[in-house]
Amino acid sequence: MALVLDTVLALLLVALAWRLLQVADLFQAGVLFIVFGLLVAVVWLRLAAPDVALAEAALGAGVTGALFLNTLAGTGEHPREAGPDGAGGGWPAWLVATLALVLTAALVALVAAQTGAPGLPSPAPAAGGKLTNPVTAVLLDFRSYDTLLETAVLWIALLGVAALGGAPVAPPEPPSPVLVGLVRVAVPVMILVAGWLLWQGATDTGGAFQSAAVLAAAGILLRLAGLPVPPVDGARLRPRLAAAGTAVFLGVGVAVMAAGGNLLAYPEAAKGALVLTIETAVAVAIAVILVALFDAVGPGRRPSR
Amino acid sequence: MTIEILAWLSLLAGTGFFAAGTVGLLRFPDTLTRLHALTKADNAGLGLVALGLALRSGSWTTAAFLLLVWLLVLLASGTLSALMAAAVED
């Protein structure tokens, strides 16, 4: 029985992937991508990986699908080529290029000079602190260096999008009262679920990424209903929150060095609290980044201020 | 034993609703009638499946979670149907 189910799932996945690549209509492709992501989530569940399934369903199918469809909706309003304004000004190109090259070389030298992998002193991931969820232990403790860089990648992606130009602000369409009604009920529940996922991530299925996906989905729903999203709307608050994930992660990582450890090698006694601090900052930052990306690619439903 | 039989009856009825809803989705002529077919699967079908699973779980916590999931899906699918119907009307 299980074999039949798994075979059907696997075949369906391949068929969907093929159809997704073949279909000419981009809207259909976006919808197929969401269906594909949901099926992949079911496959992860069958492989007994609920953490990955949750992340795939929320991030892979939900938020990414919304990003795709919103991008499609926004393509009509974005100029095909960047205009002459915005570019130029500031520093000359050769200076920027030289700076980038020097920085890259310095980074490469720094990485090459690292003899041991930092942040990997404990061979047993589930050994210390209160982290009994092996996935969280690997992400935030055992391989925390990777996760730190992942949060940085997301932040840099947002910087790149922001550098391409701000979101076009279209006059908000009057949202359907039915949607507004749903959002008013659903968003508080989603914030609660996000907090719960964050908290129970230490011991059970959940964690910063899943929590961030649910928060981001709540933010996107607020956007669609034409309601404000306070952490993302503030022109000063948004970049700070977006950078906070990487900053807090790095700050804690460096702070434990002052206590005599390696980079990101948390002391056993404070491990639970430190990881929760990092996860909270990372979850909020990723959620803000995802909503900001949604704003940047779409037709722009930011409520007028 | 009685609970087990009730649970299976509920699960079977639920999958029946899902099957009927899918047939309706495939066979009905236009968007509004297709939405009509889908809501039966989402509302009654999922409710019966959740009820069956809650009976089989033997745990009040699991049953409460299933109820919550069903209520959230009810809310979402109802909203979605309304939005799609409104989009068709335009």
Among residues belonging to the range A:50-69 that are open to solvent by 40 Å² or more (accessible area, probe 1.4 Å) and not aliphatic (A, V, I, L, M), point out the one that is nearest to A:VAL291 (Cα to Cα).
A:THR64
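Say we look at the range A:267-286 and pick out the residues that are open to solvent by 10 Å² or more (accessible area, probe 1.4 Å) and modelled with pLDDT of 90 or more; which of these is nearest to A:GLY245 (Cα to Cα)? Before you say what the answer is, go through the steps one by one.
Initially, the range A:267-286 is screened for residues open to solvent by 10 Å² or more (accessible area, probe 1.4 Å), giving A:267-270, A:272-274, A:276-277, A:280-281, A:284.
Going one step further and asking which of them are modelled with pLDDT of 90 or more, we end up with A:280-281, A:284.
Details: A:THR280: 8, A:ALA281: 5, A:VAL284: 7 Å.
Ranking the candidates gives A:ALA281 first.
Return yes or no: is A:ALA273 within 23 Å of A:LEU149 (Cα to Cα) and either free of Cβ contacts under 8 Å to residues at least 12 places away in the same chain or in contact with a helix residue (DSSP H, G or I) (Cβ under 7 Å, 6 or more places away or on another chain) (or both)? Talk me through it step by step, then tell me what you get.
Numbers: within 23 Å of A:LEU149 (Cα to Cα): yes; either free of Cβ contacts under 8 Å to residues at least 12 places away in the same chain or in contact with a helix residue (DSSP H, G or I) (Cβ under 7 Å, 6 or more places away or on another chain) (or both): yes.
Yes, satisfied.
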Checking B:LEU80 against (1) under 12 Å from the mean Cα position of the chain (by Cα); (2) aliphatic (A, V, I, L, M); (3) open to solvent by 50 Å² or more (accessible area, probe 1.4 Å), the condition it does not meet:
(1)
Any residue in the range B:69-85 that is under 17 Å from A:VAL187 (Cβ atoms) sitting within a Cβ distance under 7 Å of a residue that is open to solvent by less than 50 Å² (accessible area, probe 1.4 Å) and polar (S, T, N, Q)? List the pairs, counting only those 6 or more apart or interchain.
B:LEU83/A:SER176
Report every pair of residues separated by at least 6 positions or lying on different chains whose Cβ atoms are under 8 Å apart, first residue within the range A:202-213 and in contact (Cβ under 8 Å) with a residue 60 or more places away in the chain, second basic (Lys, Arg) and open to solvent by 10 Å² or more (accessible area, probe 1.4 Å).
A:ALA202/A:LYS130; A:THR203/A:LYS130
Scanning for something surrounded by 14 or more Cβ atoms within 10 Å (Cβ to Cβ), within 19 Å of the chain's Cα centre (by Cα) and among the small types (Gly, Ala, Ser), does the range A:32-49 turn up at least one residue?
yes
Take the range B:3-23 and flag every residue that is open to solvent by less than 40 Å² (accessible area, probe 1.4 Å) and either more than 24 Å from B:GLY58 (Cα to Cα) or touching a residue at least 60 places away in the same chain (Cβ under 8 Å) (or both).
B:GLY21
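I'm trying to understand the selection: among the residues of the range A:172-209, which are of a type in the set (Val, Ile, Thr) and within 11 Å of another protein chain (Cβ to nearest Cβ)? Explain how you work it out, then say what you get.
First, the residues of the range A:172-209 that are of a type in the set (Val, Ile, Thr): A:178, A:180, A:183, A:185, A:187, A:189, A:191, A:193, A:203, A:205.
Within the range A:172-209, A:VAL178, A:VAL180, A:VAL183, A:VAL185, A:VAL189, A:VAL193 qualify.
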Only one of (1) part of a helix (DSSP H, G or I); (2) within 30 Å of A:PHE142 (Cα to Cα); (3) not β-branched (Val, Ile, Thr) fails for A:ASP295. Which number is that?
(2)
State yes or no: is B:LEU46 open to solvent by 80 Å² or more (accessible area, probe 1.4 Å) and away from chain A (no Cβ under 14 Å)?
no
Take the residues of the range B:55-77 that are within 14 Å of another protein chain (Cβ to nearest Cβ) and touching an Asp or Glu at 6+ places or on another chain (Cβ under 8 Å): which is nearest to A:PRO177 (Cα to Cα)?
B:SER77
Test result for B:GLY52, away from every other protein chain (no Cβ under 14 Å) and either surrounded by 15 or more Cβ atoms within 10 Å (Cβ to Cβ) or on the phi > 0 side of the Ramachandran plot (or both):
yes
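The values are calculated or read from the model by the stated rules, or taken from the named source; none is laboratory data. Because the structure is predicted, anything quoted here is derived from the model rather than measured. Every residue, glycine as well, gets a Cβ built from its backbone with ideal geometry; the counts of neighbours run over all protein chains shown. Ligands, DNA and RNA are excluded from the accessible area calculation, which covers all protein heavy atoms including side chains. Shrake-Rupley method; radii C 1.70, N 1.55, O 1.52, S 1.80 Å.
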